[in-house]
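First the structure, in the form of structure tokens, and then the observations on it.
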Amino acid sequence: MGGLQHSLLSINDGKSLIVLFPSSSSSSSSATTFWFPKPAHSSAISTGIVTRTLARFSPSISPSRHCLLKEARSVQFRTRSTPASVQPVTEELEDKSKDSSVSGDSIRQRFLDFYASRGHKILPSSSLVPDDPTVLLTIAGMLQFKPIFLGKAPRQVPRATTSQKCIRTNDVENVGRTSRHHTFFEMLGNFSFGDYFKKEAIKWAWELSTKEYGLPARRLWISVYEDDDEALEIWNKEIGVPVERILRMGEEDNFWTSGVTGPCGPCSEIYYDFCPERGYSDVDLGDDTRFIEFYNLVFMQYNKKDDGSLEPLKQKNIDTGLGLERMARILQKVPNNYETDLIYPIIEKASELANVSYATADDDAKLNLKIIGDHMRAIVYLISDGVFPSNIGRGYVVRRLIRRAVRTGRLLGIKGDGRGDLEGAFLPSIAEKVIELSTHIDSEVKGKAPRILEELKREELRFVQTLERGEKLLDQMLAEALLSAQDNGTVPCLSGKVAFLLYDTYGFPVEITTEVAEERGVSIDMNGFDIEMENQRRQSQAAHNVVKLSVENDSDLAEKITHTEFLGYDSLSAKAVVESLMVNGKSVIRVSEGSDVEVLLNRTPFYAESGGQIGDHGFLYVTQGNEQQTAVVEIKDVQKSLGNIFVHKGTIREGVLEVGKEVEATVDPNLRQRAKVHHTATHLLQAALKKVIGQETSQAGSLVAFERLRFDFNFHRPLLDTELKEIEGLINGWIGDATLLQTKVMPLNDAKNAGAIAMFGEKYGEQVRVVEVPGVSMELCGGTHVSNTAEIRAFKIISEQGIASGVRRIEAVAGEAFIEYINARDFHMKHLCSTLKVKAEEVTTRVENLVEELRAARNEVAALRAKAAVYKASIISSKAFTVGTSKEIRVLVECMDDIDADSLKSAAEYLVDTLEDPAAVILGSCPDEGKVSLVAAFTKGVVDLGIQAGKFIGPVAKLCGGGGGGRPNFAQAGGRKPENLPSALEKARADLVSILSEKAS
């Protein structure tokens, strides 16, 4: 066997595996191929007889042959080399005959089943787009239960278990560099809402770890909060963990808080020890080479008050999180999370496209493959949950990850889509593998695959178009920064303006710019970048109306005020009792005339803003026995807070309003009808869009207002005029059909099975309201609607535009707003006809003729101005003077009064031609108030001396409060300080004479 040693192993089901290792005397560096049958359990990456390659370990990081044999034996789907930074598993292989499957899907299901058998209800993962304005993305398994933990919503079940999709990007730089950091991961959790507490949580966590998953007890270490004697005693005396494997840790590591104030409590964590042979001395649970934390138990038992003191909670809760990827790494006995069957098939696909072998790749290539494997999961699940690439908010997160993956793929040498198209996008090919693995993570991903792949293809190709130009510019800027630092003896740094230019113009996320710069030893002025970014946000970011109910103690209010009973589906007027009044967020007993107030009623006909529909307007009336009004409150907005409490915001117009008073709550019927019309029209619009441009399009936001409707949807291009016309035709046809709407309440699963569409960003309970236009539309919706489509009267699209990459927006009017829109347009058309003295059908032709006449007149004026400028130039050409001895260079620096920029350019071109080579011309003018124009024109002979017009004109323009640049032979610039033009030209003349005298002597 040429010096090879061999061992015969038995794997799980008793089938044989032959592993061949080079002997210590062998100098061969080649890998050895070995074969083994498919394991009894199914695997996403094991089919039939599979060839595996075992790379030879570097002597500097090689574990013992014994360790290699054990690792080869335990990995059921792949044998891979071990990075130097990771300690290999050296545990004797436990008997897996009772539990042959350790796939990620199996680990997830076993966790859920374990807690379901202990009375927990299995709840689905919530979206990565949370129903929580305080966080951008879902970062933890407990997020969907946060209102319950904070006492703002009642519990639906006493105990629950979930597998939650999560996104965290704060550690994106560590992805691939450590064994455990990810942007996308799954958090398995079990939760108790005032039901069981520490004893049960600890007992079940231990039972799950040691019995269900079969982890050796001697490898498990425990951390507890330094003051939590109760938890330590449970672990030690009831579970039997030796005290030497229980470590007390401080507040930073083992105490959870929801904020400055509110629910909080100690944590207890379970760690797996990869190297128990290192003993018990000087143990650091943060040592990644030895330990991995895989389970965190939070004991929510206190309320943190304003003064920092802790008081016991009336309802104690349990919140836990077990990292699926971490547990898969432990059970599958691989060196890091990336080599589990949850991520490795994605890495394999990237390796195939890059034409490299992960097993034999160097550390840099491995790092890049891990980054792609990680980022592609995050990208696919974000797009599936409705997050599309853009330059703000969540959209920026996914755009940043996509561009980071594209650049990483380029570093690996990936070219083309792997199907023969060398100019094609490669991310969709890798995304297909992510989608293939998504079945048990999110069953809806596969149905959204066409949209995901199309969005990835479009975003990648768009980025590649600017990537090369941006890379060249960045390379140039880095070279200049290094040269400047060398000349000045300073630390090389790239300005914030340049970093922002790369971000804003060339699509480079600043993180990528930072990475590339760091590779060249250049830092980034992040303060300068942040200033530029903030300036852009001020100019371009749309305003957001954030409504916040600010009260002294939300939890107390939630206990005192019951949920508001909504009567508005059936009535626009109702008797109600004032349960609470607030002024400036503080509870009061009575409010006087002229004051703004927030009113909480026990019941109301007012619709509170939700599902895109704005809140109702109307009045609250307080009357005495003889029906005489004693108080009138005008309501201008209604919002939901603390779960389902309606907050009526208004002003006291007459009298005094007091807590406990009975009021007549009356909704403005005209405005309600407008909202109903627009809301139903929105449903029809979504149905028409799906029919015309494809079923894969989906809602990305909406606004149902009194004067118009707005509908955002996912689509990659502007709609054609013919498509808009078809959409309008469909909707107006459905309106004309006079179809009766059907509204019913049913279980959520039944509604989804019936084909009901969920509204973007909405959170649903077990029972949902379904609004159906038979044969046209069926949606889950809590909004108000017309009873018959004929009430809509008519529908008109007034605009269609892009608001972000892959997101379009339609604004439209219907009903009374449609009539007002048409009347306003008719008024303007009549006025236009009167002004132009033509009929309505002749307006377009007449305007086109006027525009053409204006264009011709402007061109004629420009030509005359250019001729006048050339004439002036011919007069001043005599002012040119000569510089230099060995070579005489003609120089002309003059002010040309108020000539415009284009004419100034014509004058400069005339002069360099007239003066002949070599010649240098600098001209300036003040064409308008507060405006300066500058031109620099150099002939070839001057440029050959190393003087460039583009670089020369910049400092001159700076003196005039501006800037500019251009080619070596011709450049233009501008400024905002005409009063400085004479001194700027004088400096230009002096500098030009000095430079040319030196060069031409």
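The values are calculated or read from the model by the stated rules, or taken from the named source; none is laboratory data. Since we're looking at a predicted model, the values are computed, not measured. Don't worry about glycine lacking a Cβ; one is built from the backbone with ideal geometry, like all the others, and counts go over all protein chains shown. Just so you know, the surface numbers come from the protein's heavy atoms only, side chains and all, with ligands and any DNA or RNA stripped out. Shrake-Rupley method; radii C 1.70, N 1.55, O 1.52, S 1.80 Å.
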### Task
Could you check, for segment 473-494, whether at least one of its residues is closer than 22 Å to G373 by Cα and without any contact (Cβ under 8 Å) to a residue 60 or more places away in the chain?
no
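Sort out for me the helices (runs of 4 or more DSSP H) sitting completely within segment 884-959 that have 1 or more residues that are farther than 24 Å from S1001 by Cβ and at pLDDT 90 or above. Give the derivation first.
Details: elements: 901-915, 940-943, 949-959.
By residue number, 901-915, 949-959.
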### Message
With the structure loaded, tell me whether F646 is buried (at least 16 other Cβ atoms within 10 Å of the Cβ), free of Cβ contacts under 8 Å to residues at least 60 places away in the same chain and at negative phi or whether it fails that test.
### Response
no
### Summary
Result of the Cβ filter at 7 Å on segment 282-303, keeping first residues that are in contact (Cβ under 8 Å) with a residue 12 or more places away in the chain and partners that are assigned to a loop (DSSP other than H, G, I, E, B) and among the aliphatic types (A, V, I, L, M), at least 6 apart or interchain, is T289/V86; F291/L285
### Message
Considering only segment 856-878, I want to know if a residue exists there that is modelled with pLDDT under 90, of a type in the set (V, I, T) and open to solvent by 50 Å² or more (accessible area, probe 1.4 Å).
### Response
yes
### Query
From the list T789, T784, which one is surrounded by 13 or more Cβ atoms within 10 Å (Cβ to Cβ), within 30 Å of V157 (Cα to Cα) and of a type outside the set (A, V, I, L, M, F, W, C)?
T784
### Query
I899 is checked against (1) buried (at least 19 other Cβ atoms within 10 Å of the Cβ); (2) farther than 25 Å from E979 by Cβ and fails just one. What number does that condition carry?
(2)
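Pick out the one residue from N670, N626 that is at pLDDT 95 or above and not in a strand (DSSP E or B).
Details: N626 fails: at pLDDT 95 or above.
The conditions single out N670.
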### Message
Tell me whether segment 588-607 contains one or more residues that are touching a helix residue (DSSP H, G or I) at 6+ places or on another chain (Cβ under 8 Å) and assigned to a strand (DSSP E or B).
### Response
no
## Note on the structure
Filtering segment 412-457 down to residues that are open to solvent by 40 Å² or more (accessible area, probe 1.4 Å), within 19 Å of the chain's Cα centre (by Cα) and in contact (Cβ under 8 Å) with a residue 60 or more places away in the chain yields K448, E454
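Okay, residues lined up against (1) without any contact (Cβ under 8 Å) to a residue 60 or more places away in the chain; (2) not polar (S, T, N, Q):
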residue	(1), (2)
T604	no, no
Q613	no, no
A631	yes, yes
I635	yes, yes
G660	no, yes
### Query
Any residue at all in segment 965-978 that is open to solvent by 50 Å² or more (accessible area, probe 1.4 Å), assigned to a helix (DSSP H, G or I) and either under 23 Å from I876 (Cα atoms) or free of Cβ contacts under 8 Å to residues at least 12 places away in the same chain (or both)?
no
### Task
Considering only segment 490-501, state which residues are closer than 14 Å to E480 by Cβ and part of a helix (DSSP H, G or I).
K497, V498, A499, L501
### Query
Taking segment 213-270 only, how many residues are under 28 Å from F145 (Cβ atoms), surrounded by fewer than 19 Cβ atoms within 10 Å (Cβ to Cβ), among the polar types (S, T, N, Q) and without any contact (Cβ under 8 Å) to a residue 40 or more places away in the chain?
0
### Query
Just wondering, is there one or more residues in segment 161-175 that are modelled with pLDDT under 95, open to solvent by 10 Å² or more (accessible area, probe 1.4 Å) and of a type in the set (S, T, Y)?
yes
#### Entry: From T682, T697, residue being open to solvent by less than 20 Å² (accessible area, probe 1.4 Å), in a loop (DSSP other than H, G, I, E, B) and closer than 21 Å to I797 by Cβ
T697
### Query
Checking L478 against (1) within 27 Å of D132 (Cβ to Cβ); (2) modelled with pLDDT of 85 or more, which single condition isn't satisfied?
(1)
### Summary
Here the qualifying pairs (Cβ atoms under 6 Å; residues six or more apart or on different chains; first in segment 121-144 and more than 19 Å from G323 (Cβ to Cβ); second among the basic types (K, R) and not in a loop (DSSP other than H, G, I, E, B)) come out as L136/R394
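So is L401 at pLDDT 95 or above, surrounded by 21 or more Cβ atoms within 10 Å (Cβ to Cβ) and on the phi < 0 side of the Ramachandran plot or not? Explain how you work it out, then say what you get.
Values: at pLDDT 95 or above: no; surrounded by 21 or more Cβ atoms within 10 Å (Cβ to Cβ): yes; on the phi < 0 side of the Ramachandran plot: yes.
It is false that L401 is at pLDDT 95 or above, surrounded by 21 or more Cβ atoms within 10 Å (Cβ to Cβ) and on the phi < 0 side of the Ramachandran plot.
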#### Entry: Among residues of segment 319-330, those that are open to solvent by less than 10 Å² (accessible area, probe 1.4 Å) and outside any strand (DSSP E or B), counted
6
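Per-residue answers, yes or no, for (1) surrounded by fewer than 21 Cβ atoms within 10 Å (Cβ to Cβ); (2) under 19 Å from T513 (Cα atoms); (3) among the aliphatic types (A, V, I, L, M):
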{"residue": "Q332", "(1), (2), (3)": "no, no, no"}
{"residue": "L342", "(1), (2), (3)": "no, no, yes"}
{"residue": "I346", "(1), (2), (3)": "no, no, yes"}
{"residue": "A350", "(1), (2), (3)": "no, no, yes"}
{"residue": "D362", "(1), (2), (3)": "yes, no, no"}
{"residue": "L367", "(1), (2), (3)": "yes, yes, yes"}
{"residue": "K370", "(1), (2), (3)": "no, no, no"}
{"residue": "I379", "(1), (2), (3)": "no, no, yes"}
{"residue": "L382", "(1), (2), (3)": "no, no, yes"}
### Task
Output the residue which, of all residues in segment 712-741 that are open to solvent by less than 60 Å² (accessible area, probe 1.4 Å) and in a loop (DSSP other than H, G, I, E, B), is farthest from E455 (Cα to Cα).
A738
### Task
Looking at (1) at pLDDT 90 or above; (2) open to solvent by less than 40 Å² (accessible area, probe 1.4 Å), find the lone condition where R603 falls short.
(2)
#### Entry: Close pairs from segment 374-396: first among the aliphatic types (A, V, I, L, M) and at pLDDT below 85, partner part of a loop (DSSP other than H, G, I, E, B) and open to solvent by 10 Å² or more (accessible area, probe 1.4 Å), Cβ under 7 Å, at least 6 apart
I392/Q541
## Note on the structure
Of (1) open to solvent by 60 Å² or more (accessible area, probe 1.4 Å); (2) touching an Asp or Glu at 6+ places or on another chain (Cβ under 6 Å), T885 fails just (2)
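Based on what the data block shows, is N749 free of Cβ contacts under 8 Å to residues at least 12 places away in the same chain and either open to solvent by 40 Å² or more (accessible area, probe 1.4 Å) or under 30 Å from the mean Cα position of the chain (by Cα) (or both)? Write out each step before concluding.
Values: free of Cβ contacts under 8 Å to residues at least 12 places away in the same chain: yes; either open to solvent by 40 Å² or more (accessible area, probe 1.4 Å) or under 30 Å from the mean Cα position of the chain (by Cα) (or both): yes.
So N749 fits the description; yes.
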### Message
Restricting to segment 141-154, and then to whatever is closer than 22 Å to W204 by Cα and part of a loop (DSSP other than H, G, I, E, B), can you tell me which residue is most open to solvent (accessible area, probe 1.4 Å)?
### Response
M142
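Quick one: would you say Y821 is hydroxyl-bearing (S, T, Y) and in a loop (DSSP other than H, G, I, E, B)?
Numbers: hydroxyl-bearing (S, T, Y): yes; in a loop (DSSP other than H, G, I, E, B): no.
Considered against the rule, which asks whether it is hydroxyl-bearing (S, T, Y) and in a loop (DSSP other than H, G, I, E, B), Y821 comes out as no.
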### Task
Output the residue which, of all residues in segment 828-850 that are open to solvent by less than 70 Å² (accessible area, probe 1.4 Å), among the β-branched types (V, I, T) and part of a helix (DSSP H, G or I), is nearest to S906 (Cα to Cα).
V847
